[in-house]
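*Asks:* Sharing a structure, written as structure tokens. Questions coming.
The values are calculated or read from the model by the stated rules, or taken from the named source; none is laboratory data. If you're wondering where the values come from, they're calculated on a predicted model, not measured in any experiment. Please note: Cβ atoms are built from the backbone with ideal geometry, for glycine as well, and neighbour counts cover all protein chains shown. For the accessible areas, the whole protein counts, side chains as well, though only heavy atoms, and no ligand, DNA or RNA atoms are used. Shrake-Rupley method; radii C 1.70, N 1.55, O 1.52, S 1.80 Å.
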Amino acid sequence: MRLVHRRPLLAGALAAATLAGVVGVATAASAATGCRVTYTVTSQWSGGFGATVAVTNLGDPLNGWQLTWSFTAGQQITQYWNGTASQIGGRVTVGNTTWNAALGTGASTSFGFNGSWNNASNPAPTDFALNGTPCTGSTTTPTPTTPTPGTPPPTTPPPTPSTPPPTTPAPTTPPPPTPSTTPSGAEATIVPDPSWTCGRSAGIVPPARGRLVFRAAAQLGAIRDVGVTPYGHRRILDIRGGTVTGDRINGSILTGGLDLELTLGNGATELEQVAILRTTDGTPIYLRTCGVAPAGDATVRIVPDFEAPNSSPYAWLNTGTYVGTRTVDTATNTLHLAVYDVAGVSPADPRVQLRDPAGVTNQPWDCATGSGTRGAAVFTETVTLGASVSVGASKRGTRNIIPITGGTVTGRVTGTVLPGGADYQLIGATSTLDARYVLSTNDRELILVRNCGAFGRLVPTFEARAAGPYAFLNANTWLSSDPGSAPGGVSITFYERR
């Protein structure tokens, strides 16, 4: 589960002094020093964890830095980004890259890493030092020293130069500043794993390089921890409402959305989110979002995809190029989105390449397909439904959304259908259902369901805890009946596929 704990620490910075090389009485030219370090464990799992380290230089400007610390419980760095790392025993050294070497007064930079731990204790380091000198989080200026006088200088005056010094005055225009090597926004392009590209295989650009379109704050219901599934550690965040504010779009977020967060075994995040917006003039908009984040980064880089009515004032959302951020504030149970128009912004260095762990099943983006005949019944659901939200004709067809409000489950799985999610169906010559929702079993397990396809060809997929009693559902060798009429909603039966 992300955001395991946060622990800001104070750490040290360089104390550099340049001595004047004269004989006799000399003073030291001293540099102000000081820095602040925040060390954050952002995710932790069996045998591994992710962390970010933020460094702020409070002293005189630096051009090149190394941060050192000691792990005291056998932790080992296994992967890193935005820095160069080495480790001998418990002693860790992280140096700058070419683009974050310069740290002016008050400037900050950050880097992240994945590490291993002993599953018993993962204490934060306490001995940070920058360029070899620890600090307390405040600036200091060393007291000038007076060396012991040596041989007195000679009394003979210096010779008179034969050539007079030049009389040309110093230029009045200062030289141009040295160009910075830090990229705009000091953020990297994230290159996703090929299995989860979010439609941006060349890289997802830093959002702030574009123009802000809107911000959204979604109120969450339950944050449901499924546990470790065949894909990774799954959390499901139930979207229960919220607000949207921007220059060209304002409105609300409706119930019926889900935020599906997957933390991979290497600490990276893959995200899928479905949500329903309604503008202040009553226009409904369907939003499906894909996202990724490097291990240790609590901010997910997202690629939103909008379906707005073609005839509405918001049809421009259907053709734009958008990137944004998604964060979760567990203190207020709020999910925050910021969406930017990045048309014309191209991927550029620096880049962070994401790779899924080897040997692990990749989660799917598209609906499952399969053929065969129905075998034995596995379980039956009676699903209650809310009022439909009709987006109408949009870029992929006519979108109609039916929120799921609850239900019951009987058979080899017994329990309830939790309120949340919806059937995000496309209506046309061939209507396609795409229902997303969560089952809660009587023995307190959670099962994520996606039932997708055309009428007569529905193929369900299930995601359950890999070490739990319903792991057999992860085989995903099932077929579904079409929805049949039931009080307040529909009835669906799932079958073994033969």
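*Asks:* Condition first: without any contact (Cβ under 8 Å) to a residue 40 or more places away in the chain, more than 26 Å from T384 (Cβ to Cβ) and either in contact with a Leu (Cβ under 7 Å, 6 or more places away or on another chain) or open to solvent by less than 30 Å² (accessible area, probe 1.4 Å) (or both). Now tell me which residues in region 220-245 satisfy that.
*Replies:* Across region 220-245, the qualifying residue is only V244.
*Asks:* Being under 22 Å from A422 (Cα atoms), open to solvent by 10 Å² or more (accessible area, probe 1.4 Å) and either hydrophobic (A, V, I, L, M, F, W, C) or under 12 Å from the mean Cα position of the chain (by Cα) (or both) is the requirement here; does V274 meet it?
*Replies:* Against the criterion (under 22 Å from A422 (Cα atoms), open to solvent by 10 Å² or more (accessible area, probe 1.4 Å) and either hydrophobic (A, V, I, L, M, F, W, C) or under 12 Å from the mean Cα position of the chain (by Cα) (or both)), V274 does not qualify.
*Asks:* Now for a separate question. Within region 89-99, can one find any residue that is among the β-branched types (V, I, T), at pLDDT 85 or above and not in a loop (DSSP other than H, G, I, E, B)?
*Replies:* Checked against the condition, which is being among the β-branched types (V, I, T), at pLDDT 85 or above and not in a loop (DSSP other than H, G, I, E, B), region 89-99 yields at least one hit.
*Asks:* Within the group P176, P157, P153, P144, which residue is more than 23 Å from Q75 (Cβ to Cβ), open to solvent by 60 Å² or more (accessible area, probe 1.4 Å) and either outside any loop (DSSP other than H, G, I, E, B) or modelled with pLDDT of 50 or more (or both)?
*Replies:* After ruling out the rest, the residue left standing is P144.
*Asks:* Restricting to region 39-62, give me the number of residues that are among the β-branched types (V, I, T), open to solvent by 10 Å² or more (accessible area, probe 1.4 Å) and under 18 Å from P294 (Cα atoms).
*Replies:* Number of matching residues: 1.
*Asks:* Taking only region 86-98 into account, find how many residues are open to solvent by 30 Å² or more (accessible area, probe 1.4 Å) and of a type outside the set (S, T, N, Q).
*Replies:* Matching residues across region 86-98 total 3.
*Asks:* Here is a follow-up. Inspect all residues belonging to region 108-116 and state whether any of them is in contact (Cβ under 8 Å) with a residue 12 or more places away in the chain and not in a strand (DSSP E or B).
*Replies:* No, that holds for no residue.
*Asks:* May I ask you to verify whether L439 is under 29 Å from the mean Cα position of the chain (by Cα), open to solvent by 20 Å² or more (accessible area, probe 1.4 Å) and at pLDDT 95 or above?
*Replies:* no
*Asks:* Of everything in region 209-219, what is surrounded by 18 or more Cβ atoms within 10 Å (Cβ to Cβ) and among the aliphatic types (A, V, I, L, M)? Give them in sequence order.
*Replies:* Selection gives V213, A216, A218.
*Asks:* Looking only at region 63-85, which residues are in a strand (DSSP E or B) and open to solvent by less than 10 Å² (accessible area, probe 1.4 Å)?
*Replies:* L67, W69
*Asks:* Tally time: how many residues in region 419-432 are closer than 16 Å to G489 by Cβ and surrounded by fewer than 21 Cβ atoms within 10 Å (Cβ to Cβ)?
*Replies:* 2
*Asks:* Could you pull out the residue among T78, T105 that is of a type in the set (V, I, T) and under 25 Å from the mean Cα position of the chain (by Cα)?
*Replies:* T78
*Asks:* Pick from region 290-299 the residues that are crowded, with 24+ Cβ neighbours inside 10 Å and part of a strand (DSSP E or B): which of them is farthest from the chain's Cα centre (by Cα)?
*Replies:* Among them, the one singled out is G291.
*Asks:* Hey, which of the strands (runs of 3 or more DSSP E) in region 309-385, taking only ones fully inside, have at least 2 residues that are open to solvent by less than 30 Å² (accessible area, probe 1.4 Å) and modelled with pLDDT of 95 or more?
*Replies:* 322-329, 334-341, 374-385
*Asks:* When the residues of region 456-498 are narrowed to those that are in contact with a Ser or Thr (Cβ under 6 Å, 6 or more places away or on another chain), assigned to a loop (DSSP other than H, G, I, E, B) and farther than 30 Å from L264 by Cα, which ends up most open to solvent (accessible area, probe 1.4 Å)?
*Replies:* In this case the residue turns out to be R498.
*Asks:* Condition test on R412, is it in contact (Cβ under 8 Å) with a residue 12 or more places away in the chain and closer than 28 Å to G291 by Cβ?
*Replies:* No, not satisfied.
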